[in-house]
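Reading through the structure tokens given below for one structure.
The values are calculated or read from the model by the stated rules, or taken from the named source; none is laboratory data. Keep in mind that this is a model prediction, so the values were computed, not measured. Methodologically, a virtual Cβ is constructed for each residue, glycine included, from the backbone with ideal geometry; neighbour enumeration extends over all protein chains shown. Side chains are part of the model used for accessible areas, which takes the heavy atoms of the whole protein and leaves out ligands, DNA and RNA. Shrake-Rupley method; radii C 1.70, N 1.55, O 1.52, S 1.80 Å.
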Amino acid sequence: MRQLPLKTVIPLLLVALTIASVQAQQTKEPAGFALPNDGVKAVTPAVKVEMELDEQRVLSWPFDVTRVFLADDTLVKLEPVTPSKLKLRAIKPGSTRVNVWGEDGVSQTYEILVNAPIAELQRVLEEEFTDTEISIRQIASSVILSGEVHEQNARENIESVARQFFPRVINNLKLIGKREVEPQPVKLQASIFELSHYDLKKNGLKWPLEASRRGEMQHQVLGATGEIAEFLQSAHDKNLLRKIATPEISTIEGRRAAFETGGQMPLVIAAGSNEGRVKLQQWGVRMQLLPTRLKNGKLRLGVQPRINQIDVTKTTKVDSVSLPGIRTHQHDLLIDLGEGESLMLYGMPMDRIIREKKDLPLLSDLPLLGESFYKTTRIDDKVELFIIIAPEQTAGEKIATTR
């Protein structure tokens, strides 16, 4: 016999070893899938089992169960009752599979379908998609969605939610264009007040907003009740509130409106070391308002007030005439107001001098001449300027006006 060269023998041996190893791996059964000793004698068709959420059901067989396979234990829990009985408990909507084997080689497969209560799906859709009318109908283990939506994203989200309850969803939601919504009319009532600290002290009241003493415009949302509401009511009952102006603004949501109260006064502008020129300066309240109605019913109000106050503590002389100065407050805010709420702007106190005339004892009581006898007392007072804006939606007006 002719001997093969060594270079040829070694590759042949490696090929033979590889084939033997592959055959050994193919005959070895994977762990966890060992068949019964006698082999599989009968495999019956899969049985479909439909269950409601939290429902329990017992499966029984005429043989003792040796092995059980559950595809997804997050949907169904298995509990052994006897060697030939298992209890199923549905814990989550969805579908899974159960395989059962007996000692004699009999195998049985179950397709488990867990349905959620349709009333629960209806409740979730109503809470999450408040602006969409959705009709749902259950047919066997499927659910049909009907209705109209304005965005493809909403259509997909609704279907995704439904699949958390039912494995099969028939989406008949129609995608339509957004309806043009006519802007709703909005009515705003602005009230500008002055309030003297001297009058408050005489009547036993105290200004509740201490932060306003810093001289910076601030804001506060007022409700129908509360400390500030009670204070304002008490001041009104004692006739302490001096109403400067009450402009009414009628507009539509999304349209900017404005009002202005006050006048003009001469203001000195420096033109040199000892000279100056005079120009007219606006004083009073100027305010721009932009209302927007939100889906939750609140009114979002953009407010840009500018208040020019006459400041007698800053005077300038021009040709022996003293002209007061101007103090300016500006603010820019965005606030949401609910039903019964209003916006209060404050933090603009002014210094004012009060000269109070008091009668002199005996002399003031003289007939005819008594009125000429009195003394004058100077009182340094602080006056609070504040503005309250109260929204009120109107049903008929559609033209934006300011009056």
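Considering only the range 125-146, state which residues are outside any strand (DSSP E or B) and open to solvent by 30 Å² or more (accessible area, probe 1.4 Å). Lay out the reasoning, then the answer.
Keep residues of the range 125-146 that are outside any strand (DSSP E or B), which gives 125-133, 140-141.
Those that are outside any strand (DSSP E or B) and open to solvent by 30 Å² or more (accessible area, probe 1.4 Å): 126, 127, 128, 129, 130, 131, 133, 140.
Would it be correct to say that residue 355 is modelled with pLDDT under 70, in a strand (DSSP E or B) and of a type outside the set (Asp, Glu)? Before you say what the answer is, go through the steps one by one.
Numbers: modelled with pLDDT under 70: yes; in a strand (DSSP E or B): yes; of a type outside the set (Asp, Glu): yes.
Criteria met by residue 355.
Which one of these is of a type in the set (Lys, Arg), surrounded by fewer than 12 Cβ atoms within 10 Å (Cβ to Cβ) and closer than 27 Å to residue 291 by Cα: 206, 202, 243?
Just a single option satisfies the conditions, and that option is 243.
With (1) out of contact with any strand residue (DSSP E or B) (no Cβ under 6 Å at 6 or more places or on another chain); (2) aromatic (Phe, Trp, Tyr); (3) at pLDDT 85 or above as the list, and residue 110 as the residue in question, which single condition is left unmet?
The failed condition is (1).
Residue pairs, Cβ under 8 Å, 6 or more apart or interchain, first in the range 219-233 and within 13 Å of residue 336 (Cα to Cα), second part of a helix (DSSP H, G or I). List them.
Pairs that qualify, where the first residue is within 13 Å of residue 336 (Cα to Cα) and the partner is part of a helix (DSSP H, G or I), are 220/228; 222/228; 222/229; 223/229.
Has the range 62-72 got at least one residue that is open to solvent by less than 40 Å² (accessible area, probe 1.4 Å), touching a Leu at 6+ places or on another chain (Cβ under 9 Å) and farther than 30 Å from residue 163 by Cα?
yes
So residue 183 ticks every box in (1) closer than 23 Å to residue 246 by Cβ; (2) open to solvent by 40 Å² or more (accessible area, probe 1.4 Å); (3) within 24 Å of the chain's Cα centre (by Cα); (4) not aromatic (Phe, Trp, Tyr) but one. Which box is left unticked?
Only one criterion is unmet by residue 183, namely (1).
Which one of the conditions (1) crowded, with 17+ Cβ neighbours inside 10 Å; (2) within 22 Å of the chain's Cα centre (by Cα) does residue 166 fail to meet, given that it meets all the rest?
So residue 166 meets the others, but not (2).
Conditions tested, residue by residue: (1) open to solvent by 60 Å² or more (accessible area, probe 1.4 Å); (2) part of a strand (DSSP E or B); (3) at pLDDT 80 or above.
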{"site": "261", "(1), (2), (3)": "no, yes, yes"}
{"site": "265", "(1), (2), (3)": "no, yes, no"}
{"site": "269", "(1), (2), (3)": "no, yes, no"}
{"site": "272", "(1), (2), (3)": "no, no, no"}
{"site": "277", "(1), (2), (3)": "yes, yes, no"}
{"site": "281", "(1), (2), (3)": "no, yes, no"}
{"site": "284", "(1), (2), (3)": "no, yes, yes"}
{"site": "287", "(1), (2), (3)": "no, yes, yes"}
{"site": "291", "(1), (2), (3)": "no, yes, yes"}
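Which ones in the range 73-107 are within 17 Å of residue 46 (Cα to Cα) and either out of contact with any strand residue (DSSP E or B) (no Cβ under 9 Å at 6 or more places or on another chain) or among the charged types (D, E, K, R) (or both)?
97
Within the range 211-230, track down each residue that is under 24 Å from residue 285 (Cα atoms), part of a helix (DSSP H, G or I) and modelled with pLDDT of 85 or more.
228, 229
Would you mind stating whether residue 54 is open to solvent by less than 60 Å² (accessible area, probe 1.4 Å), modelled with pLDDT under 90, outside any strand (DSSP E or B) and out of contact with any Lys or Arg (no Cβ under 7 Å at 6 or more places or on another chain)? Can you show your working first?
Values: open to solvent by less than 60 Å² (accessible area, probe 1.4 Å): no; modelled with pLDDT under 90: yes; outside any strand (DSSP E or B): yes; out of contact with any Lys or Arg (no Cβ under 7 Å at 6 or more places or on another chain): yes.
So residue 54 fails the test.
Within the bounds of the range 239-248, is there any residue that is of a type in the set (D, E, K, R) and not in a strand (DSSP E or B)?
At the first step, the residues of the range 239-248 found to be of a type in the set (D, E, K, R) are 242-243, 248.
So of that shortlist, the ones also not in a strand (DSSP E or B) come out as none.
For the range 239-248, residues of a type in the set (D, E, K, R) and not in a strand (DSSP E or B): absent.
Does residue 96 meet the test of being in a loop (DSSP other than H, G, I, E, B), open to solvent by less than 50 Å² (accessible area, probe 1.4 Å) and out of contact with any Pro (no Cβ under 9 Å at 6 or more places or on another chain)?
Values: in a loop (DSSP other than H, G, I, E, B): no; open to solvent by less than 50 Å² (accessible area, probe 1.4 Å): yes; out of contact with any Pro (no Cβ under 9 Å at 6 or more places or on another chain): yes.
When the stated conditions are applied, residue 96 does not pass them.
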